[in-house]
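Here is the structure we will look at, set down as C-alpha cells.
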Amino acid sequence: MTDVPPTTIALALGALLGALAASWWWWRRTGARSPAGRAATELASRLRRAELLARHANDIILLADGSGQVVDVNDRFCELLGHTREEALRLNVRDLRDPAKLEEAAGRAGEPFESDAGLFETRFRRKDGSTFPVEVSVRAAEIDGAVHRQAIVRDITDRRRLELQLQLADRMASVATLSSGVAHEVNNPLSYVTANVDFVLSHLDPFPADLVELRRALEDARGGAARVAQIVRDLRTFSRAGNADRTEVDVRRALQSAVTLAQTEIRQRAQLSLELGPVPPVLGNAHRIGQVFLNLLANAAQAIPPGNPERHLVQATTAVAPDGRVQIEIADTGAGIPAEVLPRIFDPFFTTRPVGKGLGLGLAIVHGIVADLGGEVAVRSEPGGGSIFTVLLPAMHGASAPVRPLITPGAMLPLPARPAVTPSPEAPGSASAPPPTTWPAATPTPAGGRDILVIDDEPMVGRAISRMLVPPHRVVFVGSAAEALALLEAGRFDTILCDLMMPEMTGMALYERLVAAAPASAARMVFLTGGAFTPEAADFLECVPNARLEKPFTLAQLRAAVAAVASVPRG
C-alpha cells in the first residue's frame, strides 16, 4: 500500500470540514426560512421574553394546579414572602393566606382561588408569620390537559395607607364640624346655668341655717358646670382640622387635654402618674399632637384588664432628651407585647384583638402624625412586663424649656380629677366628702317610701340622687362597691342604684357577686351609665335583664325607675 503524503491528508480533512461548515450554514439559513424553523425560533424567543417579564415583575406571579398546589413562582414571590423557590413549590395556596381571612371566607360559597377568573382582596402571610394586604387576580388555564390557575398578586399596603390617611382626614373634618356645633349648643345653656347659679348664691349669702343643703346643691351644680365647660374646651381643641397651620405647641397642655378625654378608659384599669417636666415648645398642631397622646393613653389602658386599678399604673412623663428633642413617654404595667408582634404594631390594620374589637389603626395613626412632624416613635415591651412608648419631637428653633414643671414629678393623680368646691362656713367639711355609710336607722320608712342604696364613685352624683328621692324615700349613698357589699350583708334594700363603671370593683362585678350570694338583691339593681362603655360593659348590658338609666336623667325618669323595681319580688 502506497503511503499517502501528510499534505494530501491535511488537504482532504480541510475540504471535509469546509463542506460540513457550509452544510451547517446552509441548514441554518434554509431551516430558518422554513415555516417550522421560523415557528420554533419565535416560540423560543417568546418563552425567553415571557420568562424575563415574569421573573422581574413587581407583582407576585404564581401558578397552581387544580388542588391548589404551587407549581411555579416568580422571583417577586420569594422577595415578598421570604420563601426560597424550593420551599414555594411545597406550598398550597391556602398556606399563603392569612388564617383569619380563611376563617372569614369559610362561610362564603366557593374559594376565590378556585374560580375560573376573578379579582378579590385578601391578606397574604409571609414566612415569618406577618401578613399584608394584597389584591389577587385569578385566571384559569389548561396546561397538558390539566386545569391550572395563574394568580397575579399585588401588594396594596401603600394603597391602604393612603386610603387610611384620606379616611382619617375626612373623619376628623366631620368631627371638627360636629364638635364645634356641639360646643356652641352646650356652651350657650351652660353659660346661663352658671350665671343663674352664681346669681342665687350671691343673693342668698349668708345662707339661713335651714338652707345649708340648698347651698350645697348649688355649689355642686356650679362645680359640675365648670367640669362640663372644661371637657368642651378639650374636645374642641382635639377635634380641630388636622391640616391647620402649625404653631407653637406646649406638649404638656396637649397631654393634659388627652388625659381628660381618656380618663373614663383609664380609671377602670389603673392609677395615673404624671411627671410633666419642663420642655420647650414644638412646632406643630395641638389637635394632632393631642391625638397622638390620646391614642397612646387609650392603648396603655386597653393593655390592662379592668377591675383592679390599684394594682396597675399608667405613667406619662415629659422631659428634654439628650439630643435636645422633646421626649414624651407613656408607660403601662399591662400585658406587654410579644417579640414576634413588636415589628408590626405600627402597621395599618394590624391588630391582635378579636374581630370587631378594633381595626388596628390607632398606632398607625400615631406613627403617621409623629413622622409628619419630623419626629420618631418607638416602643420597648416584654410579655408580662408592660410597655413604654417614647415620642421624640423636634423642639422649636431657639426655644428654651419653661422654668417650672407643670405637675410635681411623681404626682399620683386619681381619675377623674374632680373640680375643687370651696366649702362654706355653714356647710362644714369638704364638698367631696361622702356621707356616712351606715345602715338606715330602725325608724320606719315614710309612708309610700322605700329604702334605696345609691352606689357611685362621683360624690356629687350620689348627693344629687339623694336630694331627688328624699322625701319620701330613705337613701343611703356609698362611693364604692366594696362599701355597698358590707351594707348588703347587714340588710336588704328595696332598690339599688349602681354606677356601671367604677374603680376597684365595677357595678358589673358587684352584680356577679350578688347573683351568687344574694340573687334577690341582684334583681333589684338599676345600672347608672354615662354612655362610655368598654366592650365588656356593652356585652354585659346586653345579657342582664336589669333596668338602666342613662346620665343625665330627669327626676321623672329616676322616680319611674325606682317605681319599676318595686314590682320585683324582694325575696
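Okay, here's what the table says:
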| quantity | calculated |
| --- | --- |
| Leading residue by the ranking (nearest to Gln263 (Cα to Cα)) among those in segment 465-483 that are among the β-branched types (Val, Ile, Thr) and surrounded by 19 or more Cβ atoms within 10 Å (Cβ to Cβ) | Val478 |
| Residues of segment 314-336 that turn out to be within 30 Å of Arg126 (Cα to Cα) and surrounded by 20 or more Cβ atoms within 10 Å (Cβ to Cβ), as a count | 1 |
| Enumeration of residues in segment 375-391 that are among the small types (Gly, Ala, Ser) and either closer than 25 Å to Arg288 by Cβ or more than 18 Å from the chain's Cα centre (by Cα) (or both) | Gly375, Ala378, Ser381, Gly384, Gly385, Ser387 |
| Residue that is surrounded by the most Cβ atoms within 10 Å (Cβ to Cβ) [pool: residues in segment 455-464 that are of a type outside the set (D, E, K, R) and in contact with a helix residue (DSSP H, G or I) (Cβ under 7 Å, 6 or more places away or on another chain)] | Ile455 |
| Hey, Arg311 surrounded by 20 or more Cβ atoms within 10 Å (Cβ to Cβ) and either touching a Leu at 6+ places or on another chain (Cβ under 8 Å) or at pLDDT 85 or above (or both) or not | no |
| Residues that are in contact (Cβ under 8 Å) with a residue 40 or more places away in the chain and of a type outside the set (Asp, Glu), drawn from segment 196-227 | Pro206, Phe207, Ala209, Val212, Arg215, Arg216, Ala217, Arg222, Gly223, Gly224, Ala226, Arg227 |
| Subset of segment 484-521 [buried (at least 17 other Cβ atoms within 10 Å of the Cβ) and more than 33 Å from the chain's Cα centre (by Cα)] | Ala484, Leu485, Leu487, Leu488, Phe493, Asp494, Thr495, Ile496, Ser521 |
| Within segment 474-571, helices (runs of 4 or more DSSP H) holding 2 or more residues that are touching a helix residue (DSSP H, G or I) at 6+ places or on another chain (Cβ under 6 Å), touching a residue at least 60 places away in the same chain (Cβ under 8 Å) and not hydrophobic (A, V, I, L, M, F, W, C) | none |
| Which listed residue is acidic (Asp, Glu), touching a Ser or Thr at 6+ places or on another chain (Cβ under 7 Å) and not assigned by TED's automatic domain parsing to the domain that holds Glu458, from Glu310, Glu275 | Glu275 |
| Residue in segment 286-304 that is surrounded by 19 or more Cβ atoms within 10 Å (Cβ to Cβ), under 15 Å from Glu504 (Cβ atoms), in the same structural domain as Glu329 (by TED's automatic domain parsing) and in contact (Cβ under 8 Å) with a residue 60 or more places away in the chain present | no |
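The values are calculated or read from the model by the stated rules, or taken from the named source; none is laboratory data. For clarity, every value in this text was computed on a predicted model and none was experimentally measured. Positions of Cβ are backbone-derived with ideal geometry, glycine not excepted, and every protein chain shown enters the neighbour counts.
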